[in-house]
Amino acid sequence: MSASAFVAVDLGATSGRVIAGRVGRGSRGTLDLTEVHRFPNRPVRLPGSLRWDVLALYQGVLDGLGRAARTYDVASIGIDSWAVDYGLLDADGQLLGNPHHYRDTRTEGVGERVWETVPAAELYRITGLQHLPFNTVFQLAAACGSAQLASARTLLMIPDLVTHWLTGSVGVEATNASTTGLFDARAGDWSYELMERLGIDRSLFPPIRRPGDAAGTLLPYVAAETGLPESTPVTAVASHDTASAVAAVPATGPGFAYLSCGTWSLAGLELAEPVITEASRAANFTNELGVDGSYRFLRNVMGLWLLSESLRTWADRGLPADLGPLMERAARSRPFAALVDPDDPAFLAPGDMPARIAAYCARTGQRPPTDQAATVRCILESLALAHRATLRTAAELSGTDIRVVHLVGGGSRNELLCQLTSDATGLPVVAGPAEATALGNILVQARARGLVGDRTATRRLIARTQRLRRYEPRGDGLAWSSAATRVGLDG
């Protein structure tokens, strides 16, 4: 008989994955992951817009579930993805066009229009949400008056759209809903008053689901396509990938901060209550829901997007783009030769990242990086400084004492970034697990079926079963302080 497994569908900005997790019951339980299928996620440039190819993405999901069915007795399926983006359904439940990509330029300047109706300070008091130009509320404001929005009857975030196609059910999971800018952070539900003031049809928004809620079972066509039984349950997980990743932080005590590091670095703290003050708004911190009603008090940092876009640019030009040798050379490059603010708007859009880094350096009176390794060093030191500034501000705003930083996600494999982050913060950094999002997804499913306990027990299981690496701070803290001042990342 096939082994029983929970299946995580983890959709990222550049690829999707289907991962099977086997969870053993008991105080010495086991936790094993196997990647079943990986498939690309390639945005498509259309006249006047940048879109997600969500149909290709969904086919990758079906292919992965089919592969899982051939190996495992699938106990449950959970879906997570990036935040803020959504699909619109018409009155027949059909998708009205491929969803916009959050890096599309349609939201430029839209925030100012929204603030004319609901001032920025008031919007923050309701939602507790960091201002990002692509937040769902601004995407909807940009779409106001469009034929597509006028025809829409239901809005589903990306994981909920996939869940709908698998099960036919309709709902929006809370952790992703909390990133929209239309969610009341304190009430933990949609802010219908805010929708009405902004002229956004409240009937578009389905009821909220919570992590662990049942989302339905597979439709007949899905069962036929994948070979899974129609009775296979789909479970609502923490469907915002960062929420799943934070749920899998292997902290065994209080006083921890986290860095969920990939395309973005999500840097912050897990709190019992939101921090919604004028100071937190001025610092552009967000309060998003986590598992068990917790709050992720964090700020987005541009993350390894700067590195991946640089590698893509070099590869397109026929230059060496093998990360291993570049990292070795970067480790030997001169420290603090050039630094950037990773969150400068110049770095948001796709394109020639090395050229934009060089232009930033020239604009700020620095000598641009002299070669590829120096560019990599610039990116990683700048990210470490941004991590330092963000975590120090989070600690100050929340009155929290940070003792250790847990760096999870793909960035935990980057040894130089982990060490530089420890050096910059002056704190130990525990790196791993790299598959934190999938682990969080799978363990919420396992919890719903009574195989694991509360968050504390879950985190102890992860700490015991997953490969972690600890980095201790080294070097000159004064040098990091001087570098932080130089680039305006003092915290």
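The values are calculated or read from the model by the stated rules, or taken from the named source; none is laboratory data. Just so you know, these numbers come straight off a predicted model, no measurement behind them. Virtual Cβ from ideal backbone geometry, glycine too; neighbours counted across all protein chains shown.
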- For the range 104-156, name all the residues that are of a type in the set (Gly, Ala, Ser) and more than 24 Å from LEU348 (Cα to Cα). ALA121, GLY145, SER146, ALA147, ALA150, SER151, ALA152
- Note on the structure: Taking the range 59-89 and keeping residues part of a loop (DSSP other than H, G, I, E, B) and touching a Ser or Thr at 6+ places or on another chain (Cβ under 7 Å) leaves ALA83, VAL84
- Item | Selection count, the range 288-310, where residues are crowded, with 21+ Cβ neighbours inside 10 Å and over 18 Å from the mean Cα position of the chain (by Cα) | 1
- Message: Among the residues that make up the range 231-238, is at least one of them at pLDDT 95 or above, closer than 24 Å to ALA434 by Cβ and of a type in the set (Gly, Ala, Ser)?
- Response: yes
- Task: Considering every residue within the range 402-409, establish whether at least one is surrounded by fewer than 21 Cβ atoms within 10 Å (Cβ to Cβ), on the phi < 0 side of the Ramachandran plot and in a helix (DSSP H, G or I).
- Result: no
- State which residue is farthest from LEU326 (Cα to Cα) when the search covers only the range 337-374 and only residues that are polar (S, T, N, Q) and surrounded by fewer than 17 Cβ atoms within 10 Å (Cβ to Cβ). THR364
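Yes/no per residue for (1) under 27 Å from ALA13 (Cα atoms); (2) hydroxyl-bearing (Ser, Thr, Tyr); (3) modelled with pLDDT under 95; (4) in contact with a Lys or Arg (Cβ under 6 Å, 6 or more places away or on another chain):
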site: GLY411; (1), (2), (3), (4): yes, no, no, no
site: THR425; (1), (2), (3), (4): no, yes, no, yes
site: VAL429; (1), (2), (3), (4): yes, no, no, no
site: ALA436; (1), (2), (3), (4): yes, no, no, no
site: ARG460; (1), (2), (3), (4): no, no, yes, no
site: SER481; (1), (2), (3), (4): no, yes, no, no
- Query: Can you tell which of ARG106, ARG67 is surrounded by fewer than 20 Cβ atoms within 10 Å (Cβ to Cβ) and under 23 Å from THR217 (Cβ atoms)?
  - Reply: ARG67
- Given the conditions (1) in a helix (DSSP H, G or I); (2) of a type in the set (Lys, Arg); (3) free of Cβ contacts under 8 Å to residues at least 40 places away in the same chain, every one holds for ARG460 apart from (3)
- Consider LEU50 carefully, then state whether it is hydrophobic (A, V, I, L, M, F, W, C), part of a strand (DSSP E or B) and over 23 Å from ALA434 (Cβ atoms). yes
- Of the conditions (1) under 24 Å from SER191 (Cα atoms); (2) in contact with a helix residue (DSSP H, G or I) (Cβ under 7 Å, 6 or more places away or on another chain); (3) of a type outside the set (Gly, Ala, Ser), THR163 clears all except one; give me its number. (2)
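For the range 266-279, which positions are crowded, with 19+ Cβ neighbours inside 10 Å and either closer than 22 Å to HIS406 by Cα or among the basic types (Lys, Arg) (or both)?
Passing the criteria: LEU266, ALA267, GLY268, LEU269, GLU270, PRO274, VAL275.
Within the range 281-394, which helices (runs of 4 or more DSSP H) (wholly inside it) include 2 or more residues that are in contact (Cβ under 8 Å) with a residue 60 or more places away in the chain and of a type in the set (S, T, N, Q)? Steps first, please.
Working: elements: 305-316, 323-332, 353-363.
Those helices (runs of 4 or more DSSP H) span 305-316.
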- Please tell me if GLY60 is buried (at least 17 other Cβ atoms within 10 Å of the Cβ), closer than 24 Å to PRO233 by Cβ and free of Cβ contacts under 8 Å to residues at least 60 places away in the same chain. yes
- Query: Has the range 120-132 got any residue that is surrounded by 22 or more Cβ atoms within 10 Å (Cβ to Cβ) and more than 23 Å from SER239 (Cβ to Cβ)?
  - Reply: yes
- Item | Condition check for THR400: within 20 Å of SER481 (Cβ to Cβ) and in contact (Cβ under 8 Å) with a residue 12 or more places away in the chain | no
